[in-house]
Amino acid sequence: MTQRVTGQRFRQRKLSTKQNLPVLRENEVEKLVDDDATRHIPRVETGVEKGEEIEHHLQAIISAQAAGTAPSKAAQLYIPTPDAIASKLQYDDLYPRHFTQPATYIRFSSTVEDCIGTTYCMTSDDVAFLKGYNHKKGKSVQCSEDEFEEVMNFLEETSTTKQPYATVDNAPVLPYEDMEAEFDETIREHSRRFAKPIYEHWKNQRLLIGNRSLIPALKFETNLETDDADPYVCFRRREVRQVRKTRGRDAQVTEKLKKLRKELEEGRYLMAQVKRREVLIRDQLAQDKLIFQQRSELKEIKRKLSIKGDDEELLINQRPAPKPKPKIDVPAPLRGIPGMGQKAQMARPDGRLLDPDLVSHEEQVAKRSEMIDGFVEENLMKHQKWNVGWIDQTWRPITPPLEQPAAKSNFRPVFTSAQLPTPPASVSSEEAAAEQMDVDQENKQVVPRRSARFRYASPPDDVPFQEQARFRRRTGRGGRFMVDRRGLKRQKLESIDERVADRFRYADDSSEDDGVTDVDHTDTLHIRYRIMIDRQGEKQHAQAAAQNRRSVENHNRSASGHLLPPSQAG
Amino acid sequence: MAPRENSHEPSGTPVPVETGFATLATLRVGTKAFVEKDGEKRKAEILHMRSRRGKPSFYVHYEDFNKRLDEWIDADRIDLSREVEWPAPEKPEKKKSAPSQKNQAPSKSDQKNLKRSRSKAEREASGTPDSTSVNLPGKAQRPSKAAGKENKEILVTSELPDGSTPKLEDDDIDMVDVQDAAAAAKSLPNEVYSREDEIEKLRTSGSMTQNQTEISRVRNLDKIQMGKFEIEPWYFSPYPTEFVDSDMVYICEFCLGYYGDVTPFERHRSKCTLLHPPGNEIYRDDYVSFFEIDGRRQRTWCRNLCLLSKLFLDHKTLYYDVDPFLFYCMATRDEHGCHFVGYFSKEKESAEGYNVACILTLPQYQRRGFGKLLIDFSYLLSKREGKLGSPEKPLSDLGLLGYRAYWQEMIVDILVDGRVEANIEDVGAALAMTTNDVLHTLQNLNMLRYSGKGHCIVLTDAVLEQRERQKEKEKKKGKRSIEPDKLIWKPPIFSAASRTWNW
């Protein structure tokens, strides 16, 4: 019943579905003795087929509902249906507990074919055949169930493609040779071994049922006249809606196809290239492995024949550009000292290797500083030798770390006077220095780097050693303890400060500008100033600040030499 | 495939008989006799006969009872002391088959003839007794020009090697009968469609329901095994013809694949990796999940689903393929996977505004409230789409009751909130129900009345009482419902291309 018809009938009865109707309780409506008025509303059809509407069980329930039967009785009324009972099959064996529910909603697009493996499933006849077959064969040529099914499936599919109408025209079963010719990737090498005996079995099974498919299949349309009347023929294709043919449409379709084709080709090309790349990589890896193995063999041989020689060159892949080694001028004994080698700048900033013939400025500088370092090192060693068995009590020992540690650790610095104006930066001093250097990159590499060994005994960078308070404990004659102190700072200034501070302790609450200098936080000068304080002694403040200012003012000038404290962290 | 046998020429012109006494030997298909059922004698029509080891059995349909109660009975349940109604004689392929006799007359012809013969049958419902045919056991049907018969072929092919002529031994050979008489007798004249009309209707509208003429009236599977259950099918379903011989057809709970024997089924289970309906989960609460599956993309699964549901849906047709439908599948979850409980299918584009084509809760899960969830979900989708929806007709008996209960609950819930007036269209819009369905429900509950001034909606005592009972029950058992905010879904849009290339 369509909407239109209903509407019509109701318009006649003046019942409008668009109008608001009063909602009433039963006791609010006067009992209509005459139900004539109710009859003005036409019955709406149930939607159940007429023939079935009169069915006994349905009618029983409908009339029970209409009569408002007591709940207990109405509940017992239902439409009986055939049974569903618990199965005897072992559910847990058939359906293992494999499912874990993902946190998000499942998204899934694999088809049934993707999920069921080989379509063919062994029947009990197959099981018996396979058992007999495997029984006859040795352990090494046992055919597994999977292999069996694979072959059977192949035979079935090939037969379907080659003889699509075998059932209709009573075609003979395909001979084995035809099958063999069709072997493709759907049947794996090791399954093919069994193809022949399984074929015989398959043929027998096919013959038993008149060369029909062994897999029970649905009946699809065969375009025979019988199709329409056969209730087993199902899932027919729906006719394609005919599209009106126009030239424009043809062109459009052609274009679309061309485009699709092109895109497919491109995709294919991409995939081919990727494959090529991966194959090359694989080859390369194989080559590398081969080289490695042969080298290790060579090593073995060399060892066996006790040939001494430059193993490094044989056993290690040489880099294309060998390191320019600045060993020419360096005295031989220094070579082996660890930490000695100056890291030469091997690559340009863009990562390319330098031309080995090109003599770069950096190299020259490095060479020179290395020479100096080497010279110092040499003297240092000499000095050490002199000092063997002695304690160097001179004011500033040349070789503090190499001497007895006690000599140094006896003095313990106390950092009372060097209050940092700000908490120490989290960056290392070197990084800080590098940042500072960024202003003028050109000079970065030029700054002579000094080996850490030279600075080891030097006072910390940020405090001039004269200003550092240091203590030393000594054992004097007769077991006396003596404490030497040096550079102890008087607290006078600070206590004054304290008093001054105290004076304002309760006064600064309201006035923020009281005793506070205006600071421009964007001013880098201020920051640089602070850094300077960190790095240099208070005595040098004025000078450093002046220098700093100058350098900032003319930061294009190569001023970093001045900016940096003499002992830069390395 | 079925042997065509034209050797049995009719030995006489059948004369119609209306009633008469029958013997076991003279019973034939189409005869209506009284049969004992649950202690009562009921009129039943013989749809099919067969003989196993010399004992005949009859497939009968009880008049005025649903087809799902049709069954095989032994001869002793037929009351031969009462007169039987003989089938209308114009049926060309009337053949009586006694156990000692086996006749086959498969005939294929177009449905036009069936229609013609049927209407003739209707007209001549009160023919004269056909004494000749009764007395001639060897009589066979004419090689008819009529009657597309539906069930015959199966039985023949399943029993006999292809192309061979049926042998005369009766043992273990199913008797093959023609059911068109039965089919004709059942349909009322005013709803006879021509087959062409019907197919055209199917093709153009995409309807999944089918007309009587399509129906194969004898159940072809004895039993199916699925998940933890063994289920008796209710209706015919076009599973592979081989399965007619199987005692049990095994259906994989996840891929819904079908197997005629336990061995291949177990092999399949060892390989099948599917653990849930193969689509996107669009709804999940702590009780059920819904999956949306496109018939076009998951053709195999949806075909399997349709075959399965056809076992329980009389009016479903599998005439055309599953492409134009979306399937919304409800599943419960545990460690084994998502167990398919029920589903409804929906046309991608419904010209008639249907929001459900077929709807089914599997029998093993029926009478547990799942049907209401399915219906509720179908309306939730319609609300999301901003459309009014209605289930495709015809409804089955169970479908009608399910929908009526749902409609009643929803509509009464809206009306009972204290409002003093209501507008039928607004109520429909709020529930995504068509005006007609609202009207139908109100009317069926006798809530639409006419008092002096005009029409009004009456919340009857019965309706209110039932609502109370429902609330009571929900309080006790807990209420299961669909929570709209757990639906993650946008109405799918199908491009013109996907429709043009549709087959």
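The values are calculated or read from the model by the stated rules, or taken from the named source; none is laboratory data. Values in this document were obtained by computation on a predicted structure and should not be read as measured data. Reconstructed Cβ throughout: ideal geometry from the backbone, glycine too, with neighbour counts over all protein chains shown. To get the accessible areas, we keep the full protein, side chains included, count just its heavy atoms, and leave off ligands, DNA and RNA. Shrake-Rupley method; radii C 1.70, N 1.55, O 1.52, S 1.80 Å.
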Restricting attention to the range A:176-225, the residues that are within 14 Å of chain B (Cβ to nearest Cβ), open to solvent by less than 80 Å² (accessible area, probe 1.4 Å) and not in a loop (DSSP other than H, G, I, E, B) number exactly 3
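On the given criteria, is B:Val322 within 8 Å of chain A (Cβ to nearest Cβ) and either open to solvent by 10 Å² or more (accessible area, probe 1.4 Å) or in a loop (DSSP other than H, G, I, E, B) (or both)?
Values: within 8 Å of chain A (Cβ to nearest Cβ): yes; either open to solvent by 10 Å² or more (accessible area, probe 1.4 Å) or in a loop (DSSP other than H, G, I, E, B) (or both): yes.
Yes, satisfied.
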Restricting the range B:267-290 to residues that are more than 7 Å from every other protein chain (Cβ to nearest Cβ) and open to solvent by 30 Å² or more (accessible area, probe 1.4 Å), the one farthest from B:Thr300 (Cα to Cα) turns out to be B:Asp286
Restricting attention to the range A:91-106, the residues that are open to solvent by 40 Å² or more (accessible area, probe 1.4 Å) and outside any loop (DSSP other than H, G, I, E, B) number exactly 2
Residue pairs qualifying under the 9 Å Cβ cut-off, at least six apart or on distinct chains, with the first in the range A:279-303 being surrounded by 10 or more Cβ atoms within 10 Å (Cβ to Cβ) and the second being of a type in the set (Val, Ile, Thr), are A:Arg295/A:Ile316; A:Ile301/A:Ile307
Selection from the range A:130-172 of residues in a helix (DSSP H, G or I), open to solvent by 60 Å² or more (accessible area, probe 1.4 Å) and more than 14 Å from every other protein chain (Cβ to nearest Cβ) yields A:His135, A:Lys136, A:Lys139, A:Ser140, A:Glu157, A:Thr160, A:Thr161, A:Lys162
Notebook entry, point to check: Of the residues that make up the range B:293-306, is at least one in a helix (DSSP H, G or I), open to solvent by 10 Å² or more (accessible area, probe 1.4 Å), more than 7 Å from chain A (Cβ to nearest Cβ) and touching a helix residue (DSSP H, G or I) at 6+ places or on another chain (Cβ under 6 Å)?
Noted result: no
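Within the group B:Ile424, B:Ile457, B:Ile488, B:Ile482, which residue is facing another protein chain (nearest Cβ under 8 Å), in contact (Cβ under 8 Å) with a residue 12 or more places away in the chain and touching a Phe, Trp or Tyr at 6+ places or on another chain (Cβ under 8 Å)?
None of the others qualify; the one that does is B:Ile488.
A quick yes/no check of all residues on (1) charged (D, E, K, R); (2) buried (at least 19 other Cβ atoms within 10 Å of the Cβ); (3) assigned to a helix (DSSP H, G or I):
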| position | (1), (2), (3) |
| --- | --- |
| B:Leu373 | no, yes, yes |
| B:Leu398 | no, yes, yes |
| B:Gly402 | no, yes, yes |
| B:Glu409 | yes, no, yes |
| B:Val412 | no, yes, yes |
| B:Val427 | no, yes, yes |
| B:Tyr450 | no, yes, no |
Is it the case that some residue within the range B:382-389 is open to solvent by 30 Å² or more (accessible area, probe 1.4 Å), within 11 Å of chain A (Cβ to nearest Cβ), over 29 Å from A:Glu26 (Cα atoms) and of a type outside the set (D, E, K, R)?
yes
Residues of the range B:459-473 being outside any helix (DSSP H, G or I) and more than 11 Å from B:Met447 (Cβ to Cβ), in sequence order, are none
By residue number, the members of the range B:344-356 that are in contact (Cβ under 8 Å) with a residue 40 or more places away in the chain and open to solvent by less than 10 Å² (accessible area, probe 1.4 Å) are B:Ser345, B:Asn355
Residue hits (the range A:265-289; hydrophobic (A, V, I, L, M, F, W, C) and modelled with pLDDT under 95) are none
When restricted to B:Glu421, B:Glu465, B:Glu392, the only residue among the acidic types (Asp, Glu) and under 27 Å from B:Leu487 (Cα atoms) is B:Glu392
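If a residue must be within 13 Å of chain A (Cβ to nearest Cβ) and under 24 Å from B:Leu274 (Cα atoms), how many such residues does the range B:343-365 contain?
Residues that pass the stated criteria total 7.
Among what's in the range B:237-251 and is open to solvent by 10 Å² or more (accessible area, probe 1.4 Å) and not aliphatic (A, V, I, L, M), pick the residue that is farthest from the other protein chains (Cβ to nearest Cβ).
The selected residue is B:Asp247.
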Scanning the range A:72-90 residue by residue, those within 26 Å of B:Phe265 (Cβ to Cβ) and either surrounded by 14 or more Cβ atoms within 10 Å (Cβ to Cβ) or small (Gly, Ala, Ser) (or both) turn out to be A:Thr81, A:Pro82, A:Ala84, A:Ala86, A:Ser87, A:Leu89
Those residues of the range B:248-270 which are over 17 Å from A:Ser213 (Cβ atoms) and assigned to a loop (DSSP other than H, G, I, E, B) amount to B:Met248, B:Cys252, B:Glu253, B:Phe254, B:Cys255, B:Leu256
Q. Can you find even one residue in the range A:107-129 that is within 9 Å of another protein chain (Cβ to nearest Cβ), outside any helix (DSSP H, G or I), touching a residue at least 24 places away in the same chain (Cβ under 8 Å) and more than 48 Å from the chain's Cα centre (by Cα)?
A. no
Next item on the list: Would you check if B:Glu421 is over 19 Å from A:Thr46 (Cα atoms) and open to solvent by 20 Å² or more (accessible area, probe 1.4 Å)?
Entry: yes
